[in-house]
Amino acid sequence: MPLPPLSVEFFAFANINNTIRLRNGKLLVRLSDLLEGAPEPVLRAIAHILLAKMYRKRIESAQATRYRRYVHSHEIRNRAHLVRQVRGRKRIASARGKVYDLDAIFEDLNARLFASLMARPRMSWSQGRARNLLGHYDPAHNAIVVSRIFDHPAVPRYAVEYIVYHEMLHLRHPVKLNGSRRCVHSAEFRAEEKLFPQLDAAQRFLRGL
Ligand SMILES: [Zn+2]
């Protein structure tokens, strides 16, 4: 089978986490940025493993060993640990944006819509400015992260409130996580989401981005 065109991106995963998928006839490989600068034989080993997984072929043990040795070497482990710590600290520090304070928005929604019954998780603006991710609730860190692009005077407060409200509902309606982060909306979740007072305006604003 000929190899489809390949595109490799390095991603800032906090844990070493490599993925491969076939999209529009193109192989999209995402590698942890911790592997940036890995020697070529190691990158070849990762490519071999990911391709074998995707095509359900046997992984050559020499390649598996090469990859495992590299990842488990002290150097990489320490670096992964350091990156996690730094990202963890940043996440805690940034609830207050230039325009909106996420702690204040949480408490406001808590009082108005949840009878102040919700315990506030860590609130923070994302480090990156990714547009494809509005926000997410991270149960591992008990943190709600909102994309920093919404910390802007042109963004109405109700749009930020809606994103936070949505993530608060994820707190209230926990899903069983299957290894990776998922965004699962039950019928109950959807019904409760409709209670947001400015739902139509907020959804219209977000769709128009
Ligand atoms: Zn969701």
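Worth pointing out:
- Normalised contact order of the range 20-63, rounded percent, pairs of Cα under 8 Å and 6 or more residues apart: 31
- Legend: P(r) of the range 132-173 from all alpha carbon pair distances, 5 Å bins from 0, whole percents, reading 6, 24, 31, 22, 11, 5, 1.
Read-outs: derived from the displayed coordinates by stated rules, not from any lab. All figures in this text were calculated on a predicted structure; none of them were measured in a lab.
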